[in-house]
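*Asks:* Submitted below is the structure of interest, expressed as structure tokens.
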Amino acid sequence: MDLVIALTINGLVWGLIVALIALGLSIIFGLLDIINVAHGDFFMVGTVLALVIAGTTGFWIALVLVPLLGLALGLVIERLVIRPTITAASLTIVTTFGLSMILQETVRATFGAQPQRMPAPIPGTVPLFGLEYDIYRLFAAFFAMLCIAAFFLFLSRTTLGTWIRAVRHDRETATALGIPVTRVCAFTFGLGTAMALLGGAIAAPITTVEFRTGIDILPVSFMAVVIGGLGNLKGTVAAAILLAVLEGLVSSFADPTLARITSLAVMSGVLFAKPNGLFAGATR
Amino acid sequence: MASRIKWAGIAAVAIALAFVPLLLQQLGGLFWINVIAEIMIWSLLAASVNLLLGYVGLLSFGQALYFGFGMYGVAIGVSHFGLGLWPAFFLGVFAASAMAAIAGVIAVRLTWHYFAIITVVFSLIFYFVAMSAKSITGGDDGLSFSTPVLWEAAGLSLTDRVTQFYFIYLICVACFAGFALLVASPLGMRFAAVRDNEKRASLIGINVYLTRWIAFVIAGFLAGVGGALFALFGRYASASYMFYHVSGEAVVWSIVGGAGTLLGPLIGTALLILFREVVSGVWENYLIAVGALVILVVMFAPRGVVGIFNDLIERRESQDDRAAADIKSLAEMD
């Protein structure tokens, strides 16, 4: 029973982090119609940067610095690589695939190929439902939740957020109303990248840090986006948490591979039965 | 005119490839024989992506699954059932096509992003299955076997590099010739109709799902042939070749070469594998260069390498037409 609870909470923690990353993928996808294959590698770069920066200045500074670096990285990549190839979605798959190769190999060349682990910034455990649970994991879940809430507030309460929603809703009308559409798109890509890197920084102490971690996180985030319904941001969050908790639950009585297979099978069932996502018809 | 140039180009590529072993023997670079054989094998996987993306308008991110079935069909056929070369080969190709026929029933009901995702999901499921079923598949370590003889009476064996090259060459030529006939056939026209306008296609009586399903099965067959050849070529099968990254690479090869063209996948695969072979010899982190090359190609040639070539032919032709029209109008003035 302890194991079931522990793995379910682990799933919940992980699901919240994945939700943050998948939200980044979802806004890029919804606004620019880009299938961003490099998104998992943005997460990976976040974990690596967090480890490196935390090693010199401490984890808390890294937690602030990494998303800012992510925003800068996203803006540069958007200008250099995405904007010239945005004419067709199939082209952006190729460019982001190339980008993914470059990011992975650059990290391997500079950071090394050896997987590393990062010590928990908040050591110790607390009693939770009759078991001792890592404090940092709880903090990570709480912090990810905070970031997700901040993101939704940003979208609904700020001018820039309103612009993003306007461009997404109707690009031509937004242009006619004087919204700088090109710049809004650039910023959105930067924001999405920053969210992936932030997710990486939060996850760095509870996962292995190496140049390949992005490969595993990418399909999971895509599944959250699709199961939640394309363009449905709240659906994305719900789907990310659901998938991770389901996987945690199943892995408490079967091996992790079987858990992965189960969640994938559930996913194909959902796609088949409700191709517009589990939460189709819910408010955007 | 344009189609004649195209056919001439295709024939030229096929004939040039046939002379590769002779040329390399003269130059003493037999290492490259295997590189080119490998390019031909992978080009079948790229062609499989291309059939769906370029001719039916479906982006599959999971073709490595059928490549993997072809690969494991051969490896398991030889090492577990003790089959000969051809029975094992057909087992692999059959397994891949059958898997595509089953997965296709679900997959082709979806399109575009959803189709891309469901194909990834299927390939991931079987990737994890292959990883965990170590006793059958060897998991991550893979399954090694010794190649059965090709033709005992004639003393032909795949251990001879040149024989192996021609074995792969002939099968690839057959596949690409079949591909060319297919896209020119009435079925190929149906593919194009479904790609260009699904609604209109169904209104003129085309069964859209069935057409997509047929394309999906043929694509699975092509990938399966590639996988079966790869297993015989490497005497090895491994679950890692079923991962979605391999599928992604095939998508890149196909688009870089030119999706929707017959030879695009072959050219794209050749370009990127040769580039990798050359650069990896001089720079350890060659993947950075490969990534940059991929980005630059689609930036400057959005329709792929073969797309540029086709544009050139068409432009020259329209120039010829214009010149002819000018001459005609001059003649009329006189």
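Computed from the coordinates by the stated procedures, all read-outs in this text should not be read as laboratory data. Only a predicted model underlies this, so the values are computations on that prediction, with no experimental measurement involved. Quick reminder, even Gly has a Cβ in these numbers, built from the backbone with ideal geometry, and neighbours come from all protein chains shown.
*Asks:* Answer with one residue from B:Ala324, B:Leu262, B:Ile273: the one whose Cα lies farthest towards the positive end of the charge dipole of the stretch B:255-334, charges on Cβ with Lys, Arg +1 and Asp, Glu -1.
*Replies:* Of the listed residues, the answer is B:Ile273.
*Asks:* Right, next: Residue by residue through the stretch A:208-222, what is 3J(HN,Hα) from phi via Karplus (6.51 cos²θ - 1.76 cosθ + 1.60, θ = phi - 60°)? Round to whole Hz and write x for glycine and proline.
*Replies:* Going residue by residue, I get 7, 10, 7, 6, 9, 4, x, 5, 7, 7, 4, x, 4, 5, 4 Hz, with x marking Gly and Pro.
*Asks:* In addition: Is the C-alpha gyration tensor of the stretch B:1-153 telling us rounded, prolate or oblate? Criteria: a/c under 1.5 is rounded; beyond that, a/b larger than b/c is prolate, otherwise oblate.
*Replies:* oblate
*Asks:* If you place +1 on the Cβ of every Lys and Arg and -1 on the Cβ of every Asp and Glu, how big does the dipole about the Cα centre of the stretch A:17-213 come out, in debye to the nearest 20?
*Replies:* Roughly 260 debye for the stretch A:17-213.
*Asks:* Another question about this same structure. Looking only at other chains, what is the average number of their beta-carbon atoms within 10 angstrom of each beta-carbon in B:285-293?
*Replies:* Rounded to a whole number, the mean comes out at 6.
*Asks:* Here is a follow-up. May I ask you to evaluate 6.51 cos²θ - 1.76 cosθ + 1.60, the Karplus curve with θ = phi - 60°, for each residue of the stretch A:249-258 and list the ³J(HN,Hα) values in order in whole Hz, giving x for glycine and proline?
*Replies:* So the Karplus estimates, Gly and Pro as x, are 4, 5, 6, 7, 10, 9, 6, x, 5, 5 Hz.
*Asks:* Mind telling me which of B:Gly264, B:Gly307, B:Gly68 comes out most flexible in a GNM of chain B, alpha-carbon contacts under 10 Å?
*Replies:* Among B:Gly264, B:Gly307, B:Gly68, the largest mean-square fluctuation in the Gaussian network model of chain B belongs to B:Gly307.
*Asks:* Using only the alpha carbons, work out the radius of gyration and Dmax of chain A in angstrom.
*Replies:* Just the Cα atoms of chain A yield Rg and Dmax of 18.6, 59 Å.
*Asks:* Under 18 Å Cα to Cα from B:Lys328, which aspartates and glutamates show up? Leave out anything in the same chain fewer than 8 places away.
*Replies:* Leaving aside aspartates and glutamates fewer than 8 places away in the same chain, those within reach of B:Lys328 are B:Glu317, B:Asp320.
*Asks:* Would you pull out the residues with amide H under 5 Å of A:Tyr133's amide H, same chain only if 5 or more places away, H placed 1.01 Å from N?
*Replies:* Close amide H contacts, sequence-distant or interchain: A:Val126, A:Leu128.
*Asks:* Which order results if B:Lys134, B:Lys199, A:Lys234 are arranged by neighbouring Cβ count within 10 Å, fewest first?
*Replies:* Lowest count first: B:Lys199, B:Lys134, A:Lys234.
*Asks:* Counting only other chains, and only Cβ atoms inside 10 Å, what mean value do you get across the residues of B:97-109?
*Replies:* 1
*Asks:* Treating only the Cβ atoms of Lys and Arg (+1) and Asp and Glu (-1) as charged, compute the dipole magnitude of the protein assembly as shown about its Cα centre; round to the nearest 20 debye.
*Replies:* Approximately 1020 debye in magnitude.
*Asks:* A further question follows. Identify which of A:Ala38, A:Ala166, A:Ala176 has the largest mean-square fluctuation in a Gaussian network model of chain A, with springs joining Cα atoms closer than 10 Å.
*Replies:* A:Ala176
*Asks:* Among A:Ala140, B:Met71, A:Gly112, which residue has its Cα furthest toward the positive end of the charge dipole of the protein assembly as shown, with +1 on Lys/Arg Cβ and -1 on Asp/Glu Cβ?
*Replies:* A:Ala140
*Asks:* Place a +1 charge on the Cβ of each Lys and Arg in chain B and a -1 charge on the Cβ of each Asp and Glu, then give the dipole magnitude about the Cα centre in debye, rounded to the nearest 20.
*Replies:* 640 debye
*Asks:* If you don't mind, there's one more thing I want to ask. Dipole of the protein assembly as shown (Lys/Arg Cβ +1, Asp/Glu Cβ -1, origin at the Cα centre): which of A:Ile206, A:Val4, B:His80 lies farthest to the positive side?
*Replies:* A:Val4
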